[in-house]
Protein chains: 2
Amino acid sequence: KSTLALGGRKEEEEREAAAGGATGAPASGGGKDEKTIVSYWGIQPPKVIKEDGTEWKWNCFRPWETYTADTSIDLTKHHAPTTFLDKLALYTVKALRWPTDVFFQRRYGCRAMMLETVAAVPGMVGGMLLHCKSLRRFEHSGGWIRALLEEAENERMHLMTFMEVSQPRWYERAIVVAVQVVFFNAYFLAYILSPKFAHRVVGYLEEEAIHSYTEFLKELDKGNIKNVPAPAIAIDYWRMSPNATLRDVVEVVRADEAHHRDVNHFASDIHYQGHELKAAPAPIGYH
Amino acid sequence: KSTLALGGRKEEEEREAAAGGATGAPASGGGKDEKTIVSYWGIQPPKVIKEDGTEWKWNCFRPWETYTADTSIDLTKHHAPTTFLDKLALYTVKALRWPTDVFFQRRYGCRAMMLETVAAVPGMVGGMLLHCKSLRRFEHSGGWIRALLEEAENERMHLMTFMEVSQPRWYERAIVVAVQVVFFNAYFLAYILSPKFAHRVVGYLEEEAIHSYTEFLKELDKGNIKNVPAPAIAIDYWRMSPNATLRDVVEVVRADEAHHRDVNHFASDIHYQGHELKAAPAPIGYH
Ligand SMILES: [Fe+2]
Ligand SMILES: [Fe+2]
Ligand SMILES: [Fe+2]
Ligand SMILES: [Fe+2]
């Protein structure tokens, strides 16, 4: 049954659904009849089974989106800026880092959680703009729409993970709302004016992210931050062992950031060479 | 090699890449050095092999996104409007249909192509807004972000398919740009003000889409529109037989629209019951 099991009045609803039948029309706008409509559309999320035979418990991601992070990636790569735009991108990121360091100090768990709410914006904005462009111009995207949306989803999963080990306070929630409004619009504008600059900024942001996750690991190793067990969602998403810890999580997240760094510097380079992204096949599933 | 093979000067680039090494810094802003950077990031799209062993030729979608359309879906389902908002949604759609009919007359191929550029907008807008909300509120999405983005990608694939059988003229391209700007903003605003109304509108739009694809099929059967072979992209995307025709394509596209209809009416119903979408698991992969 696809009936929303929200009220617990399941049996009654089922009888209603059977009676509702062919028209799908509720007799009135009341809540009771509307529940009938829900079943009428017959949408039932398929039961997903994990590899070990147990039921999949996450709705926000599915088994086929999980992966093993490639932690062997080179963490030290850096794009040395030469053009004016590259330097502007680097200094923008460096300028943003200073207040961030002051605000968070050594609270790396909180920092990770807060910054992931920002990190998930560029991929969504870029993917959306490329999607609209693909429609407007009757053109293929070369897979870049999906690649950028995948990045956004991956960053959102980082947030869903760090949420489990660090709870945002009310003023932090307020800051996140304000920062999202500003950053979304700024990135939207930047991407329209110069995608080459926008991707370069993200490339540098990811270089900084690698740096702060490395600091996070140092604090964990020193014992200043407690190395708690990894959240269940992280174990399922990155296919980690059941006794993985926060340290393992930070390591795979850092590897993700290094992959985003490569993708975004690569995207900027394509634009620097005078091409649109679709000129080069997108790195889909580059983890 | 991930070097962009755009200039054909591959060997020289490889030597440069080997020399460029550890810093990734181009000596100047010239095009030659920038090609070196591209290889430096080491991103190489994996070679994807089709089930039959041949190389996958599409960058804009991958084998694991293909599916067999469920053409057995009930095409006649209709949500009978009872509330004011539902009626407003239905009359909005009916009002939009009249100028569309006048403009396109019986040119269903052209109509399909043009309307798919609009159809791919709501899923992207809804998915983006839910993504931003999920980040702002530190909340799971219940899979709805992905479900709506999947709808947008599916609609974009409809466009990529109809593009192959119908070429847009210059004034049609101009119309698409204008319509996209207006519709994107209107839907964005509607989704912020009332997602229940926005999803209902899409539900009704999909009901109309089913109707026009049925008319398209009738014209094909009458021989007024030539039943050309199905485009290669459609055969790969919907896993159709190599000798499938335009008629088969229109049938599977119509089935897709019926699935979108269900998903969007369902989403609207969830809101009518006073819940957010995440209260019900999203129908991921509902084809
Ligand atoms: Fe992240
Ligand atoms: Fe990142
Ligand atoms: Fe469509
Ligand atoms: Fe549709």
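Looking at (1) within 18 Å of the chain's Cα centre (by Cα); (2) among the hydroxyl-bearing types (Ser, Thr, Tyr); (3) surrounded by fewer than 21 Cβ atoms within 10 Å (Cβ to Cβ), which is the one condition that is false for A:Tyr204?
(3)
Within segment B:119-140, count every residue that is within 8 Å of another protein chain (Cβ to nearest Cβ), touching a residue at least 24 places away in the same chain (Cβ under 8 Å), in a helix (DSSP H, G or I) and open to solvent by 10 Å² or more (accessible area, probe 1.4 Å).
Looking only at that region, the number is 0.
Under 7 Å between Cβ atoms, which residue pairs at least 6 apart in sequence (or on different chains) link something in segment B:259-281 that is within 7 Å of chain A (Cβ to nearest Cβ) with a partner that is basic (Lys, Arg) and open to solvent by 10 Å² or more (accessible area, probe 1.4 Å)?
B:Tyr272/B:Lys196; B:Gln273/A:Lys35
Taking the condition of being in contact with a helix residue (DSSP H, G or I) (Cβ under 7 Å, 6 or more places away or on another chain) and more than 9 Å from chain A (Cβ to nearest Cβ), how many residues in segment B:163-185 meet it? Even if it seems obvious, please write down each step before you answer.
Of segment B:163-185, the ones in contact with a helix residue (DSSP H, G or I) (Cβ under 7 Å, 6 or more places away or on another chain) are B:163-166, B:168, B:172, B:176-177, B:179-180, B:183-184.
When the remaining residues are screened for being more than 9 Å from chain A (Cβ to nearest Cβ), the result is B:164-166, B:172, B:179, B:183.
Matching residues across segment B:163-185 total 6.
Is it true that some residue in segment B:225-239 is of a type outside the set (Gly, Ala, Ser), more than 16 Å from ligand 1 (Cβ to nearest atom), open to solvent by 50 Å² or more (accessible area, probe 1.4 Å) and part of a helix (DSSP H, G or I)?
Narrowing segment B:225-239 to residues of a type outside the set (Gly, Ala, Ser): B:225-229, B:231, B:233, B:235-239.
Still in the running and more than 16 Å from ligand 1 (Cβ to nearest atom): B:225-229, B:231, B:233, B:235-239.
If we keep only those that are open to solvent by 50 Å² or more (accessible area, probe 1.4 Å) as well, we get B:226-227, B:229, B:239.
Restricting the remaining residues to those that are part of a helix (DSSP H, G or I) gives none.
No, that holds for no residue.
Which residue, of A:Asp221, A:Asp248, A:Asp262, A:Asp269, is crowded, with 21+ Cβ neighbours inside 10 Å, of a type in the set (D, E, K, R) and either farther than 21 Å from A:Gly126 by Cβ or within 15 Å of ligand 2 (Cβ to nearest atom) (or both)?
A:Asp262
Answer with yes or no whether A:Phe103 is open to solvent by 70 Å² or more (accessible area, probe 1.4 Å) and away from chain B (no Cβ under 14 Å).
yes
Kindly establish whether B:Ile210 is away from ligand 3 (no atom under 15 Å from the Cβ), closer than 27 Å to B:Thr66 by Cβ, surrounded by 15 or more Cβ atoms within 10 Å (Cβ to Cβ) and in contact (Cβ under 8 Å) with a residue 40 or more places away in the chain. Break it down stepwise before answering.
Numbers: away from ligand 3 (no atom under 15 Å from the Cβ): no; closer than 27 Å to B:Thr66 by Cβ: yes; surrounded by 15 or more Cβ atoms within 10 Å (Cβ to Cβ): yes; in contact (Cβ under 8 Å) with a residue 40 or more places away in the chain: yes.
No, not satisfied.
The values are calculated or read from the model by the stated rules, or taken from the named source; none is laboratory data. Fair warning: this is a prediction, and the values are worked out from it, not measured in the lab. Heads up, the Cβs are rebuilt from the backbone with ideal geometry, glycines too, and the neighbour counts pull from every protein chain shown. These accessible areas exclude ligands, DNA and RNA; they are computed on the full protein's heavy atoms, side chains included. Shrake-Rupley method; radii C 1.70, N 1.55, O 1.52, S 1.80 Å.
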